[in-house]
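Each remark here refers to the structure printed beneath this line.
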Amino acid sequence: MQHKNSMLLGLMLGALLPIIAYFLTSYTEIIAQLMPQKPLGLYVLALTGNMIAVWYCYRNDRQQLGKGIVLVTFLGMLLAVITKTVVI
């Protein structure tokens, strides 16, 4: 039962939605069609999905899993904001 409450699993699950959002944003025109004024829109949806998953984990006594999801979500959103707003 312990393997279902590991931080490593949380890191992997938490990375899933941001990776999907990255590929949809980078390699398709879906963001231009659905949300042309909001380039970070899919990342916000990924954040929302991860926060729902965190809520579920903490509600069902899986704190380590939730911590992994929170860590990846925070780092992913920080990276998205830095790379999308800082132009060199």
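Can residue 83 be described as exposed (fewer than 13 other Cβ atoms within 10 Å of the Cβ), under 14 Å from residue 18 (Cβ atoms) and β-branched (Val, Ile, Thr)?
Spelling it out, residue 83 is indeed exposed (fewer than 13 other Cβ atoms within 10 Å of the Cβ), under 14 Å from residue 18 (Cβ atoms) and β-branched (Val, Ile, Thr).
Could you list all residues from the stretch 37-63 that are surrounded by 16 or more Cβ atoms within 10 Å (Cβ to Cβ) and over 14 Å from the mean Cα position of the chain (by Cα)?
Of everything in the stretch 37-63, those that are surrounded by 16 or more Cβ atoms within 10 Å (Cβ to Cβ) and over 14 Å from the mean Cα position of the chain (by Cα) turn out to be 57, 62.
Name the single residue, out of those in the stretch 1-46 being without any contact (Cβ under 8 Å) to a residue 40 or more places away in the chain and in a loop (DSSP other than H, G, I, E, B), that is nearest to residue 79 (Cα to Cα).
Step by step, filter the stretch 1-46, then rank; the result is 38.
Return yes or no: is residue 60 of a type in the set (S, T, N, Q) and within 12 Å of residue 76 (Cβ to Cβ)?
Judged against the criteria, residue 60 is not a match.
Filter the stretch 64-80 down to residues that are in contact (Cβ under 8 Å) with a residue 24 or more places away in the chain and of a type in the set (A, V, I, L, M) and give me whichever is surrounded by the fewest Cβ atoms within 10 Å (Cβ to Cβ).
71
No lab work stands behind these numbers, since they all come straight from the coordinates. Owing to the predicted nature of the structure, the values given are computational and were not obtained by experimental measurement. Because the Cβ atoms are built from the backbone with ideal geometry, glycine has one as well, and the counts that use them run over all protein chains shown.
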